[in-house]
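Working notes, structure below.
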Amino acid sequence: MSSSCEAQFNEIRDAIDARVNPWLELPDGSECTDPQKSVSTAASIFGASGTGASVQNNGEIVTANGKVSDVLITKIEGKFKPPFLDKYNSQFSNISYGLGAACAILEMNYSAEHKMWPAARDDVANIMQQACDAWATQAGTAAAASGTATLTVIAAVAGAIATVATAGSAAPAVAALVGLSTVATGAMAKIAADAAVSGNSYLSIMESLDTALGKLNTALVDQENALNQMMLDAISTITEKPAEFDLDKFQLGDYAGSDGSITMQEEDAQIVSNNMSRISTALGSASTSLGSAPASNPTPRHYGVGRSNEGTHAAASELYALTAQCLTLTDAEYARGQKLFEATVADYFHTDAEAKKTVNDLIAEEAKTTSLGS
């Protein structure tokens, strides 16, 4: 009579495979490099950052916008000035701040995902090694080993992100968007977990392995949930208050051109025009740098790992597209504002016989708006 343990050993192998297989093909985070660079470059043009030391309210756009404001307020007079300043200076300042914050939030997501997965791979390797050591001890082929490993994935993500700077006197909707990064960062800072595999039987070691991998996955889920919620809230904020993030949605007031109230010097008008040109160039650079979101999920993984097999990709893609559209429309609307100012100047100095018509045509164009998502 013969007997075989093959079936039982196959069951053990199958049980181990079921636990290990979901963790065998984790992303390495490298696919986040390009989108992280794109959103980081765009954010920096607005003077914002989602990694390291956060910076806000500096950069070429802020500086040039300040010069436009100074000259218009102190050097130029006219009934056209209040509505022009309101839209193309004051409101534009809020919008540029909001767009910078949106880009920085995207940067936080991609930088966190970029750091999360190499650390998760290391954590899985450490947990599996602990399981192997415990099984070897149980089999009597190695000395007893014990220890607890702090999950490195938590520290990796915490070190990869930073809150966007405080909103200051920005519009409430922009302040709300900026505050989201603080909430997300605080939520991730509270995540802590240790993972250890041990036991005095094969079954107890297996159960300990389940617990350790479960703790790792919980840490991944919690961190991705915090990132995902931050981006979903940002999307809601932008769609609920589009005029705070898209200059095309903010209506120009009653614009009076050549009504006899204007006084200005050509050199002052040129300073305004030059700095508006700098802003237009910077907006174009930001739009080009931002580009489009990754076509596919940059951190693919097994369905049971992290918040889902899509991770934060869907929310990031939606926020990315919304931010890019707001930036494109703002770029075009600001360029229209520059043309409106220059046509007003040309009409005042009588350097263009068609200037008055140009002013009226631009005012008519400005009144039209584009719906987000169209």
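Going residue by residue through region 302-311, is there one that turns out to be surrounded by fewer than 17 Cβ atoms within 10 Å (Cβ to Cβ) and either of a type in the set (A, V, I, L, M, F, W, C) or more than 25 Å from Pro118 (Cα to Cα) (or both)? So far as region 302-311 goes, no, none of its residues is surrounded by fewer than 17 Cβ atoms within 10 Å (Cβ to Cβ) and either of a type in the set (A, V, I, L, M, F, W, C) or more than 25 Å from Pro118 (Cα to Cα) (or both).
Please verify whether region 228-245 includes one or more residues that are out of contact with any Asp or Glu (no Cβ under 6 Å at 6 or more places or on another chain) and within 28 Å of Asn21 (Cβ to Cβ). Checked region 228-245: at least one residue is out of contact with any Asp or Glu (no Cβ under 6 Å at 6 or more places or on another chain) and within 28 Å of Asn21 (Cβ to Cβ). Could you please let me know if Ala367 is over 29 Å from the mean Cα position of the chain (by Cα), in contact (Cβ under 8 Å) with a residue 24 or more places away in the chain and closer than 30 Å to Glu240 by Cβ? Yes: the conditions hold for Ala367. Picking from residues in region 318-374 that are of a type in the set (S, T, N, Q) and assigned to a helix (DSSP H, G or I), the one that is farthest from Gly253 (Cα to Cα) is Thr323. A single entry from Ala102, Ala112, Ala131 fulfils the requirement of being modelled with pLDDT under 90, of a type in the set (A, V, I, L, M) and open to solvent by less than 10 Å² (accessible area, probe 1.4 Å): Ala131. Restricting attention to region 326-364 and to residues that are touching a residue at least 60 places away in the same chain (Cβ under 8 Å) and within 30 Å of Asn297 (Cα to Cα), the residue that is surrounded by the fewest Cβ atoms within 10 Å (Cβ to Cβ) turns out to be Leu329.
Anything in region 223-241 that is in contact with a helix residue (DSSP H, G or I) (Cβ under 9 Å, 6 or more places away or on another chain), in a helix (DSSP H, G or I) and open to solvent by 10 Å² or more (accessible area, probe 1.4 Å)? List them, or say none. Hits for region 223-241 are Asn225, Ala226, Asn228, Gln229, Leu232, Asp233, Ile235, Thr237, Thr239, Glu240. Taking each residue of region 59-71 that is at positive phi and surrounded by fewer than 20 Cβ atoms within 10 Å (Cβ to Cβ) and looking for partners that are part of a helix (DSSP H, G or I) and not hydrophobic (A, V, I, L, M, F, W, C) with beta-carbon atoms closer than 9 Å, six or more apart or interchain, yields Gly59/Ser44; Gly59/Gly100.
Regarding Tyr320, is this residue surrounded by fewer than 20 Cβ atoms within 10 Å (Cβ to Cβ) and either modelled with pLDDT of 95 or more or closer than 22 Å to Ala120 by Cβ (or both)? When the stated conditions are applied, Tyr320 does not pass them. Taken as a whole, the condition of being part of a loop (DSSP other than H, G, I, E, B) and either at pLDDT 95 or above or open to solvent by 50 Å² or more (accessible area, probe 1.4 Å) (or both) applies to Gly260. Close contacts from region 263-281, counting a first residue that is within 12 Å of Val71 (Cα to Cα) and a second that is small (Gly, Ala, Ser), with Cβ to Cβ under 7 Å and a gap of 6+ residues or different chains, come to Asn275/Ala64. Restricting the first member to region 126-151 and to residues that are closer than 23 Å to Arg13 by Cβ and of a type in the set (D, E, K, R), and the second to residues that are modelled with pLDDT under 75 and not in a helix (DSSP H, G or I), the beta-carbon pairs closer than 8 Å and six or more apart or on different chains are Asp133/Ala142; Asp133/Ala145.
The values are calculated or read from the model by the stated rules, or taken from the named source; none is laboratory data. Quantities reported herein were computed from a predicted structural model and do not represent experimental measurements. Because the Cβ atoms are built from the backbone with ideal geometry, glycine has one as well, and the counts that use them run over all protein chains shown. Accessible surface is based on the protein model in full, side chains and every heavy atom, while ligands, DNA and RNA are left aside. Shrake-Rupley method; radii C 1.70, N 1.55, O 1.52, S 1.80 Å.
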